[in-house]
Amino acid sequence: MGMKQSVLTRYRVMAYVTGVLLVLLTIGMIAKYGLDMDVSGPVRVIAIAHGWLFVVYLVFAFDMASKAKWSFGRLVWTLVAGTIPLAAFFVERKATRDLEPLVAAEAADPARA
């Protein structure tokens, strides 16, 4: 099975969602522990959402990386990027730049799949 646009798109969506939630969680932790603000409720909701959606991100990232035949190191970096604030955005951009030509090639020649 080749690289379909849907595989890349669902990874990209989850990379952004995971990245945004992780940034919000980081801000919440800074507010809670660094600024001694009472933001426990929102932080808990964001943490739970990030945790569950990170699992979806892992599935989609693994699927994309395996279809792209990436090395083990690149696969691991892609998976770990969802745990490092802002990293998911940079990894997503690089993945998109690298994989869009594959997606376009498959769209032009479905026999390559």
What residue among Phe60, Ile48, Gln5 has its Cα farthest toward the positive end of the dipole of the chain, where the charges are +1 on Lys, Arg and -1 on Asp, Glu, each on the Cβ? Gln5
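Given the peptides 13-22, 74-83, arrange them by the average over their residues of other C-beta atoms within 10 Å, most packed first. Let's see the in-between values first.
Values: 13-22: 20.6, 74-83: 17.7.
Descending packing order for the listed peptides: 13-22, 74-83.
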Can you work out the accessible area per residue across the chain, with the rest of the protein chains kept in place, probe 1.4 Å, in square angstrom? 58 Å²
So, in Å, what gap is there between the alpha-carbon centers of segment 55-102 and segment 19-54? 23 Å
Which of the helices in the chain meet the span-like rule: DSSP H, Cα axial reach of 24 Å or more, Kyte-Doolittle mean at least 0.0? 5-29, 40-67, 87-108
For the chain, how many pairs of lysine residues have a Cα-Cα distance under 25 Å, where the two are 8 or more positions apart or belong to different chains? 5
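Where the accessible area of the chain is counted over protein heavy atoms with a 1.4 Å probe, how much of it, in %, is carbon and sulfur?
72 percent
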From the phi angles alone, apply the Karplus equation (6.51, -1.76, 1.60; θ = phi - 60°) to segment 31-37 and give each ³J(HN,Hα) in whole Hz, x where the residue is Gly or Pro. 5, 5, 9, x, 10, 6, 8
Within the chain, helix-based [θ] at 222 nm, where runs of 4 or more DSSP H residues each add -39,500 (n - 2.57), nearest 500: -26000 deg cm²/dmol
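The values are calculated or read from the model by the stated rules, or taken from the named source; none is laboratory data. Just so it is clear, the structure is predicted and the values come from calculations on it, not from any experiment. Positions of Cβ are backbone-derived with ideal geometry, glycine not excepted, and every protein chain shown enters the neighbour counts. Accessible surface is based on the protein model in full, side chains and every heavy atom, while ligands, DNA and RNA are left aside. Shrake-Rupley method; radii C 1.70, N 1.55, O 1.52, S 1.80 Å.
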